[in-house]
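Comments concern the structure below.
The values are calculated or read from the model by the stated rules, or taken from the named source; none is laboratory data. Please read these numbers as outputs of a predicted model, since none were measured by experiment. A quick note on method: Cβ atoms are made from the backbone with ideal geometry, for glycine too, and the neighbour counts reach across all protein chains shown. What goes into the accessible areas is simple: the full protein's heavy atoms, side chains included, and nothing from ligands, DNA or RNA. Shrake-Rupley method; radii C 1.70, N 1.55, O 1.52, S 1.80 Å.
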Amino acid sequence: MRRLQEYERFKRAAEDMEELPRVDRDTFPASAELVERRVVKMLPTVTMQEMLVALRDVMARAEMFAHHQVQRERLSVRQRMSDVLGTLRTQSFVEFTQLFRPEEGRMGITVTFSAILELLREGLIEIVQAEQFAPIHVRAGSPRHVTLVVNNDLSEAGARTEQ
C-alpha cells in the first residue's frame, strides 16, 4: 500500500512538472540585435490609370462650366503642347490639374491631355509624384536623342521641337 501511495505521489509530481513550461519547447530565449538599416524611399511610378483618374476629376470640374460656353473654338494639340511647354519654362513643377482649363469643357481638356501624352512620348516632359496618392506634377524633361536619315546618309542630331 505504501509503495502504491509513493508511486501515485511520484506520478502526480511528474504530471505537475509536465505542465510547467519548458525552454525550447514552450518558451524560447529571445535575443535582439540592433542593426543599423538605411531606408531608401522609392518614388512610385505614375501609371496611366492614375493619370486617367486625375483626368476624370478634371472632366468633372469641366462639367460645371459646360453650360457657360457660348461658342467653341477649334483647339490644336500642337498649340496646347506649346502652351504646356511655355508654362514649364516659367515654373519647374506644375501640378497636373493646373494645366487644364475647365472652362473650355471636355474638348479643351481632351486636347490638353492629348498634348501632355504627346509631350511625354517625345520625352519633353516628365510626370512625377512624391508618394502614392499625392498630387501628380509635371516637369520639363530632356528630349530623346534622335537619328536623322537624309538622302540615305545617317547623321546624329538631338531631338528637335516643332514650333
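Annotation for region 85-143 versus region 25-51: alpha-carbon center distance of 33 Å.
Accessible surface calculations at 1.4 Å, restricted to protein heavy atoms, place region 74-129 at 51 Å² per residue. Rolling a 1.4 Å probe over the protein heavy atoms of region 69-118, with every protein chain left in place, gives an accessible area that is 45 percent carbon and sulfur.
Name the GluC sites (Glu not before Pro) in region 70-111 that are in a loop by DSSP and that have at most 12 other C-beta atoms within 10 Å, would you? Taking region 70-111 and a limit of 12 other Cβ atoms within 10 Å, the loop GluC sites (Glu not before Pro) found are 73. If the chain linking residue 139 and residue 3 were pulled fully straight, counting 0.36 nm for each residue of separation and taking away their Cα-Cα distance, it would gain 39.8 nm.
The Cβ shell under 13 Å around residue 15 holds other residues with a net charge of -1, Lys and Arg each +1, Asp and Glu each -1.
Accessible surface for region 1-65, divided over its residues, is 103 Å² per residue with a 1.4 Å probe. Shown is the FRET efficiency for residue 106 and residue 23, computed with R0 = 45 Å from the Cβ-Cβ distance and rounded to the nearest 0.05: 0.05.
For region 2-31, trypsin sites (Lys or Arg not before Pro) are listed when DSSP marks them as loop and at most 10 other Cβ atoms sit within 10 Å of their Cβ; the list is 22, 25.
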